[in-house]
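Colleague: Dropping the structure in here first, questions after.
No value in this document is a laboratory result; all are computed from the given coordinates. Quick caveat: nothing in here was measured; it's all calculated off a predicted structure. All Cβ positions, even for glycine, are placed from backbone atoms using ideal geometry, and neighbour counts span all protein chains on display.
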Amino acid sequence: MDEPRERYRVNVPLRWSDMDAYGHVNNVQFLRLLEDARVIGFEEWFGQDRSVLAEGILVARHEIEYLAPLLFRVPPIVVEMWATKIGGAGFDLAYEVRDGHAGDDTVYARAETTLVLYDFATSTPRRMAPDLRAMLEERSGEPVPFRWRRR
């Protein structure tokens, strides 16, 4: 049996504007935090080879499960990311939004995004290159443990 892979972790700062009238990070802002993590992660994952992004990639689906209120604070939150389902023209990216402070294991949200490789010139999905598939497989892990999956 293979050892579980270590998840990619990125610190994402909160913005004052992320907070709503109730003093916690608004549910809609979580998608922006995930986008920030994805942009930072893809920069590190793909490095100088940005052809994957330059040729086009679209968000096809988001699913998010909120587990605890996230109050605004200055220290960043930690977003863990890993690939899950890898298909012919797209993949799912899983996330856990965590506290990040030593000794605090609070998970604020779990989420998954389906991303589709897209050719904007022809307005059609495009096949995944073998090197991209290999890179995603190196960063792959278990499906997101959503509550509905545990029922």
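Colleague: What percent do you get for the relative contact order of the chain when only Cα pairs under 8 Å and 6+ apart count? Let's see the in-between values first.
Modeller: On the way: 254 pairs, mean separation 40.1, N = 151.
Computed value for the chain: 27 percent relative contact order.
Colleague: Tally Lys and Arg at +1 and Asp and Glu at -1 over the other residues with C-beta under 13 Å from the C-beta of residue 118: what net charge comes out? Kindly include the intermediate steps, with their values, before the conclusion.
Modeller: Working: positive: 126, 127; negative: 55, 119.
Around residue 118, the surrounding residues sum to 0.
Colleague: I would also like to ask the following. Rounded to the nearest 0.05, what FRET efficiency do residue 7 and residue 58 give with R0 = 22 Å and r taken as the Cβ-Cβ distance? Could you check?
Modeller: Working: r = 24 Å, r/R0 = 1.09.
Rounded to the nearest 0.05, the efficiency is 0.40.
Colleague: Considering only the other residues whose Cβ falls under 11 Å of the Cβ of residue 56, what net charge follows from Lys and Arg at +1 and Asp and Glu at -1? Don't skip to the answer; put the middle values down first.
Modeller: Numbers: positive: 126; negative: 55, 119.
For residues surrounding residue 56, the net value is -1.
Colleague: Okay, moving on. Could you tally the net charge around residue 87, taking each other residue with its Cβ under 14 Å from the Cβ of residue 87, Lys/Arg +1 and Asp/Glu -1?
Modeller: Working: positive: 61, 85, 126, 127, 133; negative: 92, 112, 137.
Spelling it out: positives minus negatives among the neighbours equals +2.
Colleague: For the chain, what is the mean residue ellipticity at 222 nm derived from helices alone (per DSSP H run of n ≥ 4: -39500 (n - 2.57); sum divided by total residues; nearest 500 deg cm²/dmol)?
Modeller: On the way: 3 runs with 33 residues, N = 151.
Calculated mean residue ellipticity at 222 nm is -6500 deg cm²/dmol.
Colleague: So, one more: Quick one: plug the Kirkwood hydrodynamic radius of the range 8-140 (C-alpha pairs) into Stokes-Einstein at 4 °C, 1.567 mPa s, and report D in µm²/s. It would help to have the intermediate numbers written out before the result.
Modeller: Values: Rh = 15.7 Å.
Answer from the Stokes-Einstein relation: 83 µm²/s.
Colleague: Calculate one ³J(HN,Hα) per residue across the range 105-110 by plugging θ = phi - 60° into the Karplus curve 6.51 cos²θ - 1.76 cosθ + 1.60, and present them in order as whole Hz with x for glycine and proline.
Modeller: Per-residue couplings from phi come out as 9, 4, 10, 7, 7, 10 Hz.
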